[in-house]
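Notes follow once the structure below has been shown.
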Amino acid sequence: MSPQFGIVTVVEYAGARWRVQRALGVEGGFLRSETGEEVSADPVNIQLPDASVTLGTAPLPVDELRYSDANWAEATRRRDVLQALATKSSRTTADVAAAAAH
């Protein structure tokens, strides 16, 4: 999922508003409605709502400076592993297992 779809971000999916509860990697996201309904959604079908309409309070901004060089190196390494997996024309269970082992 795109960084703009962070945890608790309000999004539109299937004609309704949802909050992102958990990113499920490049394959999608776990969403929850205000009524407690939960779905797993393909990120292609998730949209940010009109900026003039929001639910509740906005999450606090993230201060990237609080992360160490080691944190950034690990995040970059993980991104590269996931990106390589996501760009494969076909993925096998063994490909996913190998990426998870990294």
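The values are calculated or read from the model by the stated rules, or taken from the named source; none is laboratory data. The structure presented is a predicted model; accordingly, all values stated were derived computationally and were not measured. Because the Cβ atoms are built from the backbone with ideal geometry, glycine has one as well, and the counts that use them run over all protein chains shown.
Structure notes:
- For VAL62, the test of being of a type in the set (A, V, I, L, M), in a loop (DSSP other than H, G, I, E, B) and within 20 Å of ALA23 (Cα to Cα) is passed.
- Just one residue in the set SER52, SER2, SER68, SER40 is more than 25 Å from ALA99 (Cβ to Cβ) and either of a type outside the set (A, V, I, L, M, F, W, C) or modelled with pLDDT of 85 or more (or both); that residue is SER52.
- From the list ARG32, ARG19, the lone residue that is in contact with a Phe, Trp or Tyr (Cβ under 7 Å, 6 or more places away or on another chain) and at pLDDT 75 or above is ARG32.
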